[in-house]
Every structure is written in structure tokens, then in C-alpha cells.
Amino acid sequence: MTAQAIQQPSAILRIDHLKKTFGTTKVLEDINIDMPPGGFLVLVGPSGCGKSTLLNCIAGLEETSAGHIHIDGREVTELPPRERDIAMVFQSYALYPTMTVRENIAFGMKVRRIAKDVQTEKVDKVAKLLKIEQLLHRKPSQLSGGQRQRVAMGRALVRDPALFLFDEPLSNLDAKLRVEMRAEIKQLHEKTGASFVYVTHDQVEAMTMGSQIAVLNNGYLQQLGTPDEIYNKPANIFVASFMGSPPMNILSATYGKDEQGCYVEVNTGAPHKLYSAHFASANLLPNTPVKLGIRPEAFEEVEAAQATLSLNLKLVEITGADTYAVLDFGDEKATARLGVPFAHSAGDTIHLHIDPKQMMLFDAESEQRLTS
Ligand SMILES: Nc1ncnc2c1ncn2[C@@H]1O[C@H](COP(=O)(O)OP(=O)(O)OP(=O)(O)O)[C@@H](O)[C@H]1O
Ligand SMILES: [Mg+2]
């Protein structure tokens, strides 16, 4: 049996132990990803973390330094881009300015000498899907940013490849159009049933679009999971802080156990114990230093008698739908997302409850999540 035959067909994209160095600079380290057919994989992480490099390795635009890439069960690691059965949409649309929209979309087919009537049929079908039928005779200069973006996608869609690759395709659009196009790309994915790999540095885009999210930092894959896993079971402090806005609060704490149960002690000006049965899953010795993670939405304002803790308010920010209350934790601070109207101002004491199940612990050194 050949290696190709052993390859399980269950993955449309499989990346094994991929590494990439530019000279002596390590850009990607031991990346392993398995993506099921019809999936929407988002590669997300801060600027410079290696997202585009990874996408370019998948596309064959960059050579890999080590590891293997399979697309649709076929090893493509050494193949040039045109033999990989992929289509790519970049951040800059790079449409041909002298060609009409129809000619732009059909260009790849023309080069491959595909019959004229097939070209026409495919362009019409894709134009309908993208709702740009009325624009086919126009030149790119006569289109809005969002319309150009759709034409660029049309060019990829007529290819009907095993895998679509997108590198920040919405970053040239204004905020409102981004949100609209985000929903459209997601619908397009659902309608076509195609497999998408999508690069973004925007965590909201990642959460709303992806069926699978790969969080990268410094060239390392931090976590690969569903949006729910990434948000509710972050592998480490990096993932916990990257996903969510405002980000998860991370506070220094000490683990302990007494007759009331497992707790962590935080500093709220004076030492204060926060109890949760869920902390037992961290399996720690008493007095272990830890990092406590609390999402802003885990706080709830309550009457003094029901309070888990009472804190001094450092700052109040009203965003319209929410109030962000910045809370005084001694040398540290945390942000709570609370409702409107909000009756307090900076300097007041506020009574809060934190759902015990919504607090998570991380190792103070390795920053890996400890609680289940
Ligand atoms: N040809 C190159 N030679 C040397 N270093 C490179 C080269 N291309 C990229 N890099 C480096 O590799 C790292 C990853 O770059 P990459 O473009 O993949 O980041 P990114 O995650 O896509 O960032 P952004 O969100 O800014 O697009 C960066 O530190 C970058 O400087
Ligand atoms: Mg990039």
C-alpha cells in the first residue's frame, strides 16, 4: 500500500508537523491541523504570528521547511500551486482594471482554454450566487469596495477547487461592510458546501465564521477547536485573553482549601477568598500560586447580602448597550460587563456575584488552563 492510499480520506486538509523558517528566523513550529470536508477553518492570531505564511504554505506559494501537507487525501507538499486544487482570495483584490467584471471572473478559465459557453454558464452561476449579475459589464473602477471583493471571490468560485483559501479578504472594507460581507461569506460557505480556510486577526470574525478555529501566536498553534471550545475551554492564558472583548480578566491568586471548600485568594485591597467546587479539578496543593480567569460577563451586580465580593469602582465606561465597570483588585484591576442604566460612578463600592462555574484557573508559570 502506498502512503497515499493509507491517508484517511476524512480530512480535506491535513497538516503534519509543519515548520517554516526564513533563514535563521523560525516562523512556524510544529503545526498540526486536521480539517474535515466542508469545514470553515479560521486561522487567527495577532499580526506577525504566521497566519499568512501558513496559508501560503498550504497554497504552495511558500516552501515548507519540514512536515507534510495533504489536500483531499493527496500529498501536495512538493507540488506547485496550480497542481494543488486550491483557489485563493487575497486581501488586495488585484482585479484587472481594463477588463469587465465578466472578463475578470472568466480570466482563469480563458487561460485554461475552457469552452466559451462553459465560461459563460459558470460566470452567470457565480454572479447569481454573489448577487453581482447587474455588474458583469462594469470595470473594477466602477465598483464599490464590497463589490470588488465579491468579484475577487467570484474568480475563486468558478474554479470549484477542493479548498478555498482566504487571506484577510475583508480588511480593506469599512466596519459596516465587513459585518455584512462576513455574513455573506458564511452563507456562501453554507450554500456551496465547499471547504474554506480563512485568515483573520479579528477574533469576532473568527468566532462568528469558523466551524473550527486555529489560534496562532509566535508561530505556535495555541489551540485548535470549535468556537465554543476556544471560548469556554481555552488552552491557556493567551487564547483566553485573545478571544473575547473586553478580554478575560487575569488576576494573581493563591489556591487553598478549608472547611467551606476549594478557593482562591485574591487581593481586593485586603485578602479575599473566592470559592468554587470547580477549582478541585485543578488538583493543586494548598498555597500554590495561580492565575484566576474571569470573563467580564461572569460578573453580576447584586444586593450586598448576596454578594460574592464588594469592590471599589475605579472607572465606569458606558458603551450604549453595556456598562464596563473597572474594578479595583489591589495592584490589579478587572473589567465587569454590567447592564444599563448603571447607578454608580467611580469611587463607589459595588456588590457583585461571580458564577463559581465561570471562574477558571491557569498555571502561574506555564499559563496552561488547570480547571476542567
Ligand atoms: N520572506 C520573509 N523573510 C523573513 N521573514 C518573513 C518573511 N515573510 C514573513 N516573515 C516573518 O514571518 C512572521 C510571520 O509573518 P506573516 O506574514 O505570516 O504574519 P501574519 O500573521 O500574516 O501577520 P499579519 O496579521 O500582519 O498579516 C513575521 O514575523 C514576518 O516578519
Ligand atoms: Mg498576514
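Looking for something more than 30 Å from VAL340 (Cβ to Cβ), surrounded by 19 or more Cβ atoms within 10 Å (Cβ to Cβ) and touching a His at 6+ places or on another chain (Cβ under 9 Å) - is there at least one such residue anywhere in the stretch 276-297?
Looking through the stretch 276-297, none of the residues is more than 30 Å from VAL340 (Cβ to Cβ), surrounded by 19 or more Cβ atoms within 10 Å (Cβ to Cβ) and touching a His at 6+ places or on another chain (Cβ under 9 Å).
For the stretch 208-217: of the residues being surrounded by fewer than 19 Cβ atoms within 10 Å (Cβ to Cβ) and more than 16 Å from ligand 2 (Cβ to nearest atom), which is modelled with the highest pLDDT? Spell out how you get there, then give the answer.
Taking the stretch 208-217 and keeping what is surrounded by fewer than 19 Cβ atoms within 10 Å (Cβ to Cβ), we get 208, 211, 217.
Keeping just the survivors that are more than 16 Å from ligand 2 (Cβ to nearest atom) gives 208, 211.
Numbers: THR208: 94, SER211: 97.
Looking at residues that are surrounded by fewer than 19 Cβ atoms within 10 Å (Cβ to Cβ) and more than 16 Å from ligand 2 (Cβ to nearest atom), I get SER211.
Looking at the stretch 152-191 only, could you name the residues that are within 22 Å of GLY45 (Cα to Cα) and small (Gly, Ala, Ser)?
SER171, ALA175, ALA183 - these are the residues of the stretch 152-191 that are within 22 Å of GLY45 (Cα to Cα) and small (Gly, Ala, Ser).
If PHE164 satisfies all but one of (1) modelled with pLDDT of 90 or more; (2) in a helix (DSSP H, G or I); (3) under 22 Å from LYS51 (Cβ atoms), what's the number of the condition it fails?
Unmet for PHE164, out of (1) modelled with pLDDT of 90 or more; (2) in a helix (DSSP H, G or I); (3) under 22 Å from LYS51 (Cβ atoms): (2).
Is there a residue being under 24 Å from CYS57 (Cα atoms), touching a Lys or Arg at 6+ places or on another chain (Cβ under 9 Å) and either outside the structural domain of GLY39 (by TED's automatic domain parsing) or within 16 Å of ligand 2 (Cβ to nearest atom) (or both) anywhere in the stretch 223-237?
No, the stretch 223-237 contains no residue that is under 24 Å from CYS57 (Cα atoms), touching a Lys or Arg at 6+ places or on another chain (Cβ under 9 Å) and either outside the structural domain of GLY39 (by TED's automatic domain parsing) or within 16 Å of ligand 2 (Cβ to nearest atom) (or both).
Taking into account only those residues within the stretch 122-157 that are buried (at least 20 other Cβ atoms within 10 Å of the Cβ) and charged (D, E, K, R), which is nearest to the chain's Cα centre (by Cα)?
Once the filter is applied, the top-ranked residue is ARG150.
Yes/no per residue for (1) out of contact with any Asp or Glu (no Cβ under 7 Å at 6 or more places or on another chain); (2) within 16 Å of ligand 2 (Cβ to nearest atom); (3) hydroxyl-bearing (Ser, Thr, Tyr); (4) touching a residue at least 12 places away in the same chain (Cβ under 8 Å):
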site	(1), (2), (3), (4)
THR21	yes, no, yes, yes
ILE33	yes, no, no, yes
SER47	yes, yes, yes, yes
GLU62	yes, yes, no, yes
ALA66	yes, no, no, yes
ASP72	no, no, no, yes
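Looking at SER171, SER245, can you tell me which residue is assigned to a loop (DSSP other than H, G, I, E, B) and within 16 Å of ligand 1 (Cβ to nearest atom)? Before you say what the answer is, go through the steps one by one.
Details: SER245 fails: within 16 Å of ligand 1 (Cβ to nearest atom).
Exactly one of SER171, SER245 is assigned to a loop (DSSP other than H, G, I, E, B) and within 16 Å of ligand 1 (Cβ to nearest atom), namely SER171.
Applying the selection to the stretch 210-230, what residues are part of a helix (DSSP H, G or I) and more than 10 Å from the chain's Cα centre (by Cα)?
First, pick out the residues of the stretch 210-230 that are part of a helix (DSSP H, G or I): 227-230.
Passing the criteria: ASP228, GLU229.
Just to be sure, is LEU55 among the hydrophobic types (A, V, I, L, M, F, W, C) and within 15 Å of ligand 2 (Cβ to nearest atom)?
Working: among the hydrophobic types (A, V, I, L, M, F, W, C): yes; within 15 Å of ligand 2 (Cβ to nearest atom): yes.
Yes; evaluated as a whole, the condition is true for this residue.
Could you check, for the stretch 140-160, whether at least one of its residues is within 16 Å of ligand 2 (Cβ to nearest atom) and assigned by TED's automatic domain parsing to the domain that holds SER10?
So in the stretch 140-160, the residues within 16 Å of ligand 2 (Cβ to nearest atom) come out as none.
No.
Give the stretch 110-133 a look and list any residue that's free of Cβ contacts under 8 Å to residues at least 24 places away in the same chain and either in a loop (DSSP other than H, G, I, E, B) or closer than 22 Å to ASN172 by Cβ (or both), or say none.
If the condition is that a residue be free of Cβ contacts under 8 Å to residues at least 24 places away in the same chain and either in a loop (DSSP other than H, G, I, E, B) or closer than 22 Å to ASN172 by Cβ (or both), then ARG112, ARG113, ILE114, ALA115, LYS131 are the ones that fit.
For the stretch 340-359, give me each residue that is within 12 Å of ILE294 (Cβ to Cβ) and in a loop (DSSP other than H, G, I, E, B). Before you say what the answer is, go through the steps one by one.
Looking only at the stretch 340-359, we keep the residues that are within 12 Å of ILE294 (Cβ to Cβ), and these are 352-359.
Of everything in the stretch 340-359, just one residue is within 12 Å of ILE294 (Cβ to Cβ) and in a loop (DSSP other than H, G, I, E, B), namely ASP355.
So in the stretch 185-203, with the set limited to residues that are in a helix (DSSP H, G or I) and more than 15 Å from ligand 1 (Cβ to nearest atom), which one is surrounded by the fewest Cβ atoms within 10 Å (Cβ to Cβ)?
Narrowing the stretch 185-203 to residues in a helix (DSSP H, G or I): 185-192, 203.
Those left that are additionally more than 15 Å from ligand 1 (Cβ to nearest atom): 185-192.
Working: ILE185: 23, LYS186: 18, GLN187: 11, LEU188: 18, HIS189: 19, GLU190: 11, LYS191: 9, THR192: 15.
Applying the filter and picking the extreme gives LYS191.
From the list ASN267, ASN236, which residue is in contact (Cβ under 8 Å) with a residue 40 or more places away in the chain and within 31 Å of the chain's Cα centre (by Cα)? Lay out the reasoning, then the answer.
Numbers: ASN267 fails: within 31 Å of the chain's Cα centre (by Cα).
The unique qualifying residue is ASN236.
Tell me which residues, restricted to the stretch 35-45, are within 16 Å of ligand 2 (Cβ to nearest atom) and in contact with a Ser or Thr (Cβ under 7 Å, 6 or more places away or on another chain). Let's see the steps before the verdict.
At the first step, the residues of the stretch 35-45 found to be within 16 Å of ligand 2 (Cβ to nearest atom) are 41-45.
Across the stretch 35-45, the qualifying residues are VAL42, VAL44.
Just one of the numbered conditions (1) modelled with pLDDT of 95 or more; (2) out of contact with any Leu (no Cβ under 9 Å at 6 or more places or on another chain); (3) within 16 Å of ligand 2 (Cβ to nearest atom) is not true of ALA94; which one?
The one condition ALA94 does not meet is (1).
Taking interchain pairs and intrachain pairs at least six residues apart, which have beta carbon atoms under 7 angstrom, with the first residue in the stretch 77-91 and surrounded by 14 or more Cβ atoms within 10 Å (Cβ to Cβ) and the second among the acidic types (Asp, Glu)?
Cβ pairs passing all conditions: ASP85/ASP72; PHE90/ASP167; GLN91/ASP167; GLN91/GLU168.
Mind listing whichever residues of the stretch 82-131 are of a type outside the set (Phe, Trp, Tyr) and within 16 Å of ligand 1 (Cβ to nearest atom)?
Kept after step one, since they are of a type outside the set (Phe, Trp, Tyr), are these residues of the stretch 82-131: 82-89, 91-92, 94-95, 97-106, 108-131.
Residues satisfying the conditions are MET88, VAL89, GLN91, SER92.
The values are calculated or read from the model by the stated rules, or taken from the named source; none is laboratory data. Here the structure is a predicted model, which means the values were calculated and not measured. Note: ideal-geometry Cβ built from the backbone for every residue, glycine included; neighbour counts use all protein chains shown.
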